[in-house]
Amino acid sequence: MGDTHETPTERRPGIAIVRPKLHEDTQANRDLFKRWTKLHMRDTLSLPKDKDLGGASRVSRYTRVSADGGEDYFYTIVLDDVRLPRTKTFQEIPQRLDLENTRVLGEGEEAVLLPGDPRIGTEPMVFSIVAPVVGIFEAVVDTDTIQAVHKSHQDLPAEVASETNAPNYTLVTLTISHTTPYPTPFQHVQRLRSSLANLLGIVTNQLVYATVYRHAADAEPEVFSKIAQGQDGNGDWVVCVLVGGDADRQLVDAGYEGVEGQIEEWRKRLEIEGSLQNLDIKIGVWKGDVLMC
């Protein structure tokens, strides 16, 4: 687990996407994992800044109901530089399940293992309850007018990225891969991002935060397992579009289909236009659960 730190000539901002899966999806494990998540997020954000690569500025967790009725998770860690997860400091963030025994709990923080838990005193690891997989993606900044209309997901302001606000936000992800030997041009992905962001901004009348991310295979640390092919968050490109205002409730109350219904109609229109030809595209709709900066 050596430190592969490289002195960069220019920073490469982006995100780490994490897709954890509980070994046993029970309510008790969901609650326990959420307590662990909050402490782990604070540990990640509290890392001292690397003089070259910076640090992590925001960690977010989103959820949805899985196909089998369980709970799916989608995490994003906003990074000043995508090479940060390859550093020894980042890889040594404690992975103990009982994080309360690795440091002093801060104000409002709660121990992961509650009194009476048989694991107390056994030094359990989080991997005993969950299997995480990771993908690293570099933000691609464009200079077209869409940036003036929609804010950047990479630079989500602190007043938005708070746990109090989390339930009022919906994250829509496009995971895009090409099905031909030829890579999908950024301009094509950019148009998809613009189209989706425009749709969500119009139907919800809310400010939308959208960014295109490109897979950064060279920055993926070997110590972490990679997201499997075909899952949300594993593609040549990932587009993240965050919309606030409890969009689902707002749309349904107005007599319209919710976010998933709106996006399905959007996808159908793109298929008719031929905009999805030669693309493998997976759309995820996630509800905010924990946002921390």
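The values are calculated or read from the model by the stated rules, or taken from the named source; none is laboratory data. The structure presented is a predicted model; accordingly, all values stated were derived computationally and were not measured. We place every Cβ from the backbone using ideal geometry, glycine too, and count neighbours over all the protein chains shown. Surface accessibility is based on the protein's heavy atoms, side chains included, excluding ligands, DNA and RNA. Shrake-Rupley method; radii C 1.70, N 1.55, O 1.52, S 1.80 Å.
Determine the dipole magnitude for region 139-293: charges of +1 sit on the beta-carbon of Lys and Arg, -1 on that of Asp and Glu, nothing else is charged, the reference point is the Cα centre, and the result goes in debye to the nearest 20.
So the magnitude is around 260 debye.
Please report, in whole Å³, the volume per residue of the convex hull around the C-alpha atoms of the chain.
Taking the convex hull of the Cα positions in the chain, it is 150 Å³ per residue.
With a 10 Å cut-off between alpha carbons and a GNM built on the chain, which of Leu270, Leu242, Leu99 moves the most?
Of Leu270, Leu242, Leu99, the Gaussian network model singles out Leu270 as fluctuating most.
Which whole-percent values make up P(r) of region 48-170 when all C-alpha to C-alpha distances are grouped in 5 Å steps starting at zero?
2, 7, 13, 16, 20, 20, 12, 6, 3, 1, 1, 0
Tell me, how many Å apart are the Cα centres for region 37-87 and for region 267-284?
Value for the Cα centre distance between the two parts: 29 Å.
What value, in deg cm²/dmol to 500, does the helix sum -39500 (n - 2.57) over DSSP H runs of n ≥ 4 give at 222 nm once divided by the residues of the chain?
So the helix-based figure for the chain works out to -7000 deg cm²/dmol.
In whole Hz and in residue order, list the ³J(HN,Hα) couplings for region 88-104 that follow from phi through the Karplus curve 6.51 cos²θ - 1.76 cosθ + 1.60, θ = phi - 60°; x for Gly and Pro.
For region 88-104, the Karplus-derived couplings read 4, 4, 5, 5, 9, 4, x, 10, 5, 5, 8, 4, 5, 9, 9, 6, 6 Hz, x marking Gly and Pro.
Working out 0.36 nm times the residue gap between Ala111 and Lys282, then minus their Cα-Cα distance, what length gain in nm do you get to one decimal?
In short, 57.9 nm is gained.
Using a 1.4 angstrom probe with every protein chain in place, what is the largest-first accessible-area order of Asp218, Asp253?
Asp253, Asp218
Using DSSP loop states and a limit of at most 16 other Cβ atoms within 10 Å to flag trypsin sites (Lys or Arg not before Pro), what is the longest stretch of the chain containing no flagged site?
Between the exposed loop sites, the longest stretch runs 120-293.
What is the dipole size for the chain, taken about its Cα centre, with +1 at each Lys and Arg Cβ and -1 at each Asp and Glu Cβ, in debye to the nearest 20?
240 debye
Given 0.36 nm per residue, what is the gain on full extension from Leu207 to Glu123 after removing their alpha carbon distance, in nm?
Result for the pair: 25.8 nm of gain on full extension.
Full-extension gain between Arg249 and Thr9, please, as 0.36 nm times their residue separation minus the C-alpha to C-alpha distance.
Taking Arg249 through Thr9 to full extension adds about 81.8 nm, to one decimal.
Using only the alpha-carbon atoms, what does region 87-138 span along each of its principal axes? Please give whole angstrom values in decreasing order.
Extents along the principal axes: 43, 26, 19 Å.
In nm, to one decimal, how far is the modelled label at Thr26 from the one at Ala67, with both set 7 Å along Cα→Cβ?
Result: 2.6 nm between the two label points.
Determine the relative contact order of the chain: mean sequence separation of Cα pairs under 8 Å and six or more apart, normalised by residue count, in whole percent.
Value for the chain: 26 percent.
So what is the accessible area of the chain per residue, in Å², with the probe set to 1.4 Å?
With all protein chains present, the chain gives 48 Å² per residue.
Let me confirm the definition first: pairs of Lys residues in the chain, 8 or more apart or on different chains, C-alpha distance under 24 Å. How many are there?
20
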